[in-house]
1. Can you give me the Cα centroid spacing of the range 21-46 and the range 152-213 in angstrom?
2. Give the calculated FRET efficiency between Ile217 and Asp145 to the nearest 0.05, with a Förster radius of 22 Å applied to their Cβ-Cβ distance.
3. In Å², what does the accessible area per residue of the chain work out to with a 1.4 Å probe?
4. Go ahead and collect, in residue order, the members of the range 200-239 whose backbone nitrogen is under 14 Å from a label point 7 Å along the Cα-Cβ direction of Val100.
5. Provide the per-residue ³J(HN,Hα) series for the range 18-35, in order, calculated from phi with Karplus coefficients 6.51, -1.76, 1.60 and θ = phi - 60°, each as a whole number of Hz, with x at glycine and proline positions.
6. Taking all protein chains in place and a 1.4 Å probe, what share, in percent, of the accessible surface of the range 91-198 do carbon and sulfur account for?
7. Could you give the dipole magnitude of the chain about its Cα centre, charging the beta-carbon of Lys and Arg +1 and that of Asp and Glu -1, in debye to the nearest 20?
8. If you take log10 I(q)/I(0) by the Debye sum over Cα atoms at q = 0.09, 0.14 Å⁻¹ from the coordinates, which of (i) -0.36, -0.82; (ii) -0.52, -0.90; (iii) -0.44, -0.96 do you get?
Amino acid sequence: MPDTLTRRFGFMSILLGATSLALLAVAAWGFRAGGWPWPQAYDLAGWAVWAAIGGVIIALAGLVVRGRGRPGGGGIVLLGLILSLPVTGLGTAFEIAARVTPPINDISTDTEDPPVFWFTATPSDYPAQNAGPQRAAYPDVRPLDLPFSSDDTFTAALALVQARGWEVLSDDPSEGQIEAIARSRIFGFEDEVAIRVTETDGGARIDMRSRSRLGQIDRGANARRIEAFLSDLETRVQN
């Protein structure tokens, strides 16, 4: 039949796309529920990305073949492309982030006097060598000053932590300190968060520190978490 080759490309891309989704799901489950070491989960996720990339390439080849006058099979090829794109997109974004962000995984709004971890599994000081790369890469990571009392600001910060579903390790209004665990969406990797609220002449200042427990780089995840949290906190207290 004239569309046999296009259909073959379509079925191959569907198989690879479905395989990529299954491998990613198994990798995430293995780490979250199966107790796999994170390098093992990452390796399996890497195979998922390669399968997805293969699915995209074969699907595009099928579209080229169909565009050269072979009728039929277009729907199968498009289905393969749709199944392959999500993991391909995740893998591409992951790789780009690793290349454009500094190789650090501990971010603080105050690099000279950062919030301290007391209740995390492995409390440690903010690495002084992170300060320069952090300021260059994330200039918007800075303290938030609000014209509200420190008590009200602390209450709002704690409520936002809880609304985000983070695991609260400690909340001490007298010290203005909150410690919590935030988890990544897919794999559930644990990142440690410390929030400090201090009284100022004009109201309250909020500092925040976020670091990854695993690996040496975070691909910008901790900086994004801090910026998003402080932006949402400012909106929350002003409404």
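The values are calculated or read from the model by the stated rules, or taken from the named source; none is laboratory data. It should be emphasised that the depicted structure is a prediction, and the values quoted were computed from it without experimental measurement. Reconstructed Cβ throughout: ideal geometry from the backbone, glycine too, with neighbour counts over all protein chains shown. What goes into the accessible areas is simple: the full protein's heavy atoms, side chains included, and nothing from ligands, DNA or RNA. Shrake-Rupley method; radii C 1.70, N 1.55, O 1.52, S 1.80 Å.
1. 28 Å
2. Between Ile217 and Asp145 the formula returns 0.15.
3. Heavy-atom SASA per residue in the chain reads 53 Å².
4. Label zone hits: 219-221, 224.
5. 5, 5, 4, 5, 5, 5, 5, 5, 5, 4, 5, 5, x, 6, 5, 10, x, x
6. In the range 91-198, the share of accessible area belonging to carbon and sulfur is 52 percent.
7. Dipole size: approximately 2080 debye.
8. (ii)
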